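Asks: This is the structure, below, for whatever I ask next.
The values are calculated or read from the model by the stated rules, or taken from the named source; none is laboratory data. Predicted model only: the values in this text are computed from it and were never measured. We place every Cβ from the backbone using ideal geometry, glycine too, and count neighbours over all the protein chains shown.
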Amino acid sequence: MHRPLGRGSSILIFDLQKRIEKLELISKIKKLENGSEIKELEIKVVSLNNWEKRIINYLKKNDGELTQVELRHLTGLSRSNLSKHLSLLDEKKIIKKKPYKRTNKIFLIKNIID
């Protein structure tokens, strides 16, 4: 026996459909404005939790780079929680951590489509 989906489920499905349509549109692009051909686009769909999305947004607002200390102050996360989320983003190859003074510098290395 199937239960009907609630209102929240239909909104989630609608949001997913919009994202799929964006990705399909991007994947169909074969030419630049000047008409020269480009390589096939690499499109990778990854799942992000809310904190990962916030971290990415802070990085986008700051030209794609912040120190780990700056991110900790912006997000309000503890050192351990921030480190956990940064490790997850690093595993997904969305950010890169590089040692910087007594902290790390965090770089956004992927173009992210909302």
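Asks: If I ask for residues that are free of Cβ contacts under 8 Å to residues at least 12 places away in the same chain and among the basic types (Lys, Arg), which ones from region 60-100 would you list?
Replies: Within region 60-100, Lys61, Arg72, Arg79, Lys84, Lys98 meet the criteria.
Asks: From Leu89, Leu66, which residue is touching a helix residue (DSSP H, G or I) at 6+ places or on another chain (Cβ under 7 Å), at pLDDT below 95 and not aromatic (Phe, Trp, Tyr)?
Replies: Values: Leu66 fails: at pLDDT below 95.
So the residue among Leu89, Leu66 that is touching a helix residue (DSSP H, G or I) at 6+ places or on another chain (Cβ under 7 Å), at pLDDT below 95 and not aromatic (Phe, Trp, Tyr) is Leu89.
Asks: Which members of region 74-94 meet the condition of being under 11 Å from the mean Cα position of the chain (by Cα), buried (at least 17 other Cβ atoms within 10 Å of the Cβ) and part of a loop (DSSP other than H, G, I, E, B)?
Replies: Selection gives Ile94 alone.
Asks: Next question. Before we move on, is Ile43 under 10 Å from the mean Cα position of the chain (by Cα), modelled with pLDDT under 90 and either of a type in the set (A, V, I, L, M) or assigned to a helix (DSSP H, G or I) (or both)?
Replies: So Ile43 does not fit the description; no.
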